[in-house]
């Protein structure tokens, strides 16, 4: 059961309403008026709730489902216990997401500017926005409409945020231009100096970082991720990207649309990614690497040379995925000998 201290439950919904929301079909139409008050997992569900079953690895667990109703596929419907009302969907996971949006709403503060916020006189704040306690907004900052800036975050001089943006607690943003519908989670650091030094007579001299960070629309940058501003060119994050916790993106990097970087990925400077590149956790990239659109990089991989569009790679140094699996199998055979 979802804790309603944190999320508002918009239910109950009838199974007819749920079928419409999920794009599913109710096997027994006579049950269309049955009311559902909550969502649950197949492990912890109870009467009055609905669950979703789509994992072929858990076929044996289907018999233990105790929710009033269950959304599943045609292939798995026969596994659902009698007495559980079945809704059929081609994609139960997608149905789960749709019902999640309809049934629950995050509890958000009303639009206001808290009295402890520090806002420069030249800053422009859009309509219907929430500025939390101890937020700092610098000179000439522009904040769009319907934005939410949570406690203690800092938006430094000259930055721009579009409409419907959310900045989490204690996130810091500087030298950045940000589009619409962007969510920057708590603790993220956007637009700080890139790691650039020149060694002169045994002393590391900092190279001024004169670029910016440009973030497109519909981007999520998760907790404690760091995106450095460019040394001269801009660091660019394309529309629709998803950047997980503790990811490091260095100066002058360019990410295309829809890229997904999972936790602890590290990208050295001046790398260029195409569209919809996916990087598994802890993958690391040398500088000046080019990654083609649709490429997939396995977790913990070390990328030392360019990756072609659509290629899947893994290992240190990274090689084609099939070659990596053959290499692993060969090593196992040698070890057994």
Q. With segment 182-285 as the region, which strands (runs of 3 or more DSSP E) entirely inside it contain at least 1 residues that are within 27 Å of residue 296 (Cβ to Cβ) and in the same structural domain as residue 297 (by TED's automatic domain parsing)?
A. 189-192, 213-215, 226-228, 235-237
Q.
Quick check on segment 263-284: of everything there that is crowded, with 20+ Cβ neighbours inside 10 Å and in contact with a strand residue (DSSP E or B) (Cβ under 7 Å, 6 or more places away or on another chain), which residue is nearest to residue 317 (Cα to Cα)?
A. 283
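Does residue 76 count as within 23 Å of residue 2 (Cβ to Cβ) and surrounded by 14 or more Cβ atoms within 10 Å (Cβ to Cβ)?
no
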Q: Those residues that are closer than 25 Å to residue 218 by Cβ and surrounded by fewer than 16 Cβ atoms within 10 Å (Cβ to Cβ), I need them from segment 111-157; list them, please.
A: 111, 124, 127, 128, 145
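Take the conditions assigned by TED's automatic domain parsing to the domain that holds residue 266, surrounded by 17 or more Cβ atoms within 10 Å (Cβ to Cβ) and free of Cβ contacts under 8 Å to residues at least 24 places away in the same chain and apply them to residue 316. Does it pass? If you could, list the steps in order and put the result at the bottom.
On the way: assigned by TED's automatic domain parsing to the domain that holds residue 266: yes; surrounded by 17 or more Cβ atoms within 10 Å (Cβ to Cβ): no; free of Cβ contacts under 8 Å to residues at least 24 places away in the same chain: yes.
For residue 316, the condition - assigned by TED's automatic domain parsing to the domain that holds residue 266, surrounded by 17 or more Cβ atoms within 10 Å (Cβ to Cβ) and free of Cβ contacts under 8 Å to residues at least 24 places away in the same chain - is not met.
The values are calculated or read from the model by the stated rules, or taken from the named source; none is laboratory data. Keep in mind that this is a model prediction, so the values were computed, not measured. Cβ coordinates were reconstructed from backbone atoms using ideal geometry, including for glycine residues, and neighbour counts include every protein chain displayed.
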